[in-house]
Structure formats: structure tokens, C-alpha cells
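Engineer: Structure incoming, see below.
The values are calculated or read from the model by the stated rules, or taken from the named source; none is laboratory data. None of these values were measured; they are calculated from a predicted model. In this analysis, Cβ positions are derived from the backbone assuming ideal geometry, glycine residues included, and neighbour counts consider all displayed protein chains. Accessible surface is based on the protein model in full, side chains and every heavy atom, while ligands, DNA and RNA are left aside. Shrake-Rupley method; radii C 1.70, N 1.55, O 1.52, S 1.80 Å.
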Amino acid sequence: ERYNAATVDLSTGIVNNQPISFDEETANTYEIGFKSDFGGVFRLNASGFRTKYDDIQLIYRLGIVPLLFNAGTATISGFEAEFTYAPNRDFIVDGSVGHLRDEFKDFIAVPLTTATVGPDNSLPFTPSWSGHIGAAYTLRPMDGIELTPRVNLAITTSQFFDAANTVEVAQNDTVTVLNTSVKLAAPEQGWALTVGLQNATDELYPVAGNASLSTSTGYAENIYARPRNWFVELSYDF
């Protein structure tokens, strides 16, 4: 077999004093879409796609050690669309929506590993739906000066972060994040000052996670997004 369990050190993930090898992952993607513009006011772009992965690489647990293995064959299909609406030079609305469906076609058995995939598992980081909507309006309080407030709302449905779809470390709910900013600029002079607020509603949500619950020292851990935070950005074009 590709993996010889009898020679594996479960505390280090080493086989015959050598790291466990894995094959390269290959992906074939097919995509079709369109780009459109309606009178210079409304723009709509959309595409549909399908990707097939052979020898897809995922992280399994070998004892307490997280290692990369070939998991088998999987597919991801879906679509994405984006639009921009700008009825005049000052006002702009933009948005996007994306949908993903994934499926495992067959599996490669890896002896002694845990946190593996099953027929009903989803690939990590594949939310069914995601999207955003944003708007900005430019004011001109004086000659040569532009003041542009912007608001953006991003939405992501639930998703898993590991191959085993461990619910203890997953994003189990839909996450909505609000970002805002105000940009003060003098385009003819080339400078711009932007002050912004990210995660304005101070949402607590995970962005990554891993777990090893089948060992005697089992654990589950998450990495969370930053809480509400602000930034200042100064730029100059010359």
C-alpha cells in the first residue's frame, strides 16, 4: 500500500526515519461566464465553474501529529456574480454573491489516521453561500477636495475548517460583518487619507480551526477574527 502502517511512529509521523510522502494534487477547472455593461451605469459579471481534484491533499491526524495526505477525488462546482451600479459620478453601489457545492467521489484509505473524510463530508472552507453589498457617496465640501463615506456588509454561511468536519471548531452559523470607512482626498494633488472601522458590530466568529479529539490528549482550537478595530491609511500618488 501507499502507506505502510507497521513502520509509522505515531508520536512523530515518521516512517523508517523519513517523513511520510504524498502525491501531487491535480485540478481540472471548467468555467463559463459573461461580462455586461448597460449604458455605463450598471455592470454585471457572472460565471459558473466546476473543478475536479485528483489526489486532493488534506490534513489528517496520525496519532497526535497533523500530516498532509492524499484523500481521494473531490469536486467543487458553483457560480459567482458581481454587479456595480453607478448612476452618477458620486454614487456607487456594488455587490456580489457566490454559491459552492462540493462532493467527495472516492477516498484513499490511510491506515492509523483519524480526522479523515467520509462520504457526507464537505471540503474545508467551502461555505454554501457568500456575498457582500456596499455603497459609497462622494461629497465635495470645497474645490479640489472629496469626502467619500463607504459602508460594506459581508455575509458568509456556515463552513468547516478541517477534513473531518469537526463541529467543535467549525463556523456553525451565518456570519455578517460590517465595515465602514471615510476617505478624504485631493485627486489633483494626489493625496488621500482614509479612516475606517472593521468589524464595526464587534462580531465574534472563527476563521480557522483544527482538532484532535480521538487521542488521550485530545483538543479542539479555533482562530477568531479580530474584534472591532480601526485603521488609518495615508497615500500619495506621484
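Engineer: From the mean inverse distance of alpha carbon pairs (Kirkwood) and the Cα radius of gyration, derive Rg over Rh for the chain.
Structural biologist: Rg divided by Rh gives 1.10.
Engineer: Please state the relative contact order of the stretch 78-133 as a whole percent: Cα pairs under 8 Å, 6+ residues apart?
Structural biologist: Relative contact order of the stretch 78-133: 38 percent.
Engineer: At Ala220 and Thr176, where each label point lies 7 Å from the Cα along Cα→Cβ, what is the point-to-point distance in nanometres?
Structural biologist: For the pair Ala220/Thr176, the computed spacing is 2.6 nm.
Engineer: Rounded to the nearest 0.05, what FRET efficiency do Ser235 and Tyr137 have when you use their Cβ-Cβ distance and R0 = 22 Å?
Structural biologist: Result of the calculation: an efficiency of 0.60.
Engineer: Output the relative contact order of the chain, whole-number percent, from Cα pairs under 8 angstrom with separation of 6+ residues.
Structural biologist: 12 percent
Engineer: Using 0.36 nm per residue of separation minus the Cα-Cα distance, give me the extension gain between Glu31 and Asp106 in nm, one decimal.
Structural biologist: In short, 24.7 nm is gained.
Engineer: Heads up, I need the accessible area for Ser21: 1.4 angstrom probe, whole protein in place, Å², nearest 10.
Structural biologist: 80 Å²
Engineer: In the chain, with Lys and Arg counted as +1 and Asp and Glu as -1 at Cβ, which of these residues, Thr157, Phe22, Val195, has the Cα nearest the positive end of the dipole, that is, farthest along it?
Structural biologist: In the chain, that residue is Val195.
Engineer: Let me ask you something else. About its Cα centre, how strong a charge dipole does the stretch 128-195 have in debye, to the nearest 20, once Lys and Arg get +1 and Asp and Glu get -1 at the Cβ?
Structural biologist: My answer is approximately 220 debye.
Engineer: About its Cα centre, how strong a charge dipole does the chain have in debye, to the nearest 20, once Lys and Arg get +1 and Asp and Glu get -1 at the Cβ?
Structural biologist: About 360 debye.
Engineer: If DNA, RNA and ligands are ignored and the probe is 1.4 Å, what is the ranking of Glu188, Glu31, Glu82 by accessible area, most exposed first?
Structural biologist: If we order Glu188, Glu31, Glu82 from most to least accessible, we get Glu188, Glu31, Glu82.
Engineer: Using the beta-carbon distance between Thr84 and Val151 and R0 = 22 Å, what value does 1/(1 + (r/R0)^6) give for FRET efficiency, to the nearest 0.05?
Structural biologist: Once the sixth-power term is evaluated, E becomes 0.90.
Engineer: On to the next question. Determine how large the accessible area of Lys105 is when every protein chain is in place; take a 1.4 Å probe and give Å² rounded to the nearest 10.
Structural biologist: In the full protein context, Lys105 sits at about 110 Å².
Engineer: Among residues other than Arg228 whose Cβ falls under 13 Å from its Cβ, what is the net charge (Lys/Arg +1, Asp/Glu -1)?
Structural biologist: Net local charge, Arg228 excluded: -1.
Engineer: So which residue, out of Thr148, Thr116, Thr84, gets the largest mean-square fluctuation from a GNM of the chain using Cα contacts under 10 Å as springs?
Structural biologist: Of Thr148, Thr116, Thr84, the Gaussian network model singles out Thr148 as fluctuating most.
Engineer: Moving to a separate point now. Using a cut-off of 10 Å between beta-carbons, work out the net charge of the residues near Tyr30 (Lys and Arg +1, Asp and Glu -1, Tyr30 not included).
Structural biologist: Charge balance near Tyr30 sits at +1.
Engineer: Let me ask another. Answer rounded, prolate or oblate for the stretch 180-219, using the Cα gyration tensor with square roots of eigenvalues a ≥ b ≥ c: rounded when a/c is under 1.5, else prolate when a/b is larger than b/c, else oblate. Before the final figure, lay out the partial values.
Structural biologist: Working: a/c = 9.22, a/b = 3.75, b/c = 2.46.
It is prolate, given that a/c is not under 1.5 and a/b is the larger ratio.
Engineer: Let me ask something else. For the stretch 65-145, give the magnitude of the charge dipole about the Cα centre (Cβ charges: +1 Lys/Arg, -1 Asp/Glu; no others), in debye to the nearest 20.
Structural biologist: 60 debye
Engineer: Determine the sum of side-chain charges near Gly209: Lys and Arg each +1, Asp and Glu each -1, restricted to other residues whose C-beta is under 13 angstrom from that of Gly209.
Structural biologist: -3
Engineer: Shifting gears a bit: Any chance you could check the Cα centroid distance between the stretch 131-176 and the stretch 79-124 for me, in angstrom?
Structural biologist: Between the Cα centre of the stretch 131-176 and that of the stretch 79-124, the gap is 16 Å.
Engineer: Continuing with the same structure: Projected area of the stretch 55-191, taken from the Cα convex hull and averaged over every viewing direction, in nm²?
Structural biologist: For the stretch 55-191, the mean projected area of the Cα convex hull comes to 11.8 nm².
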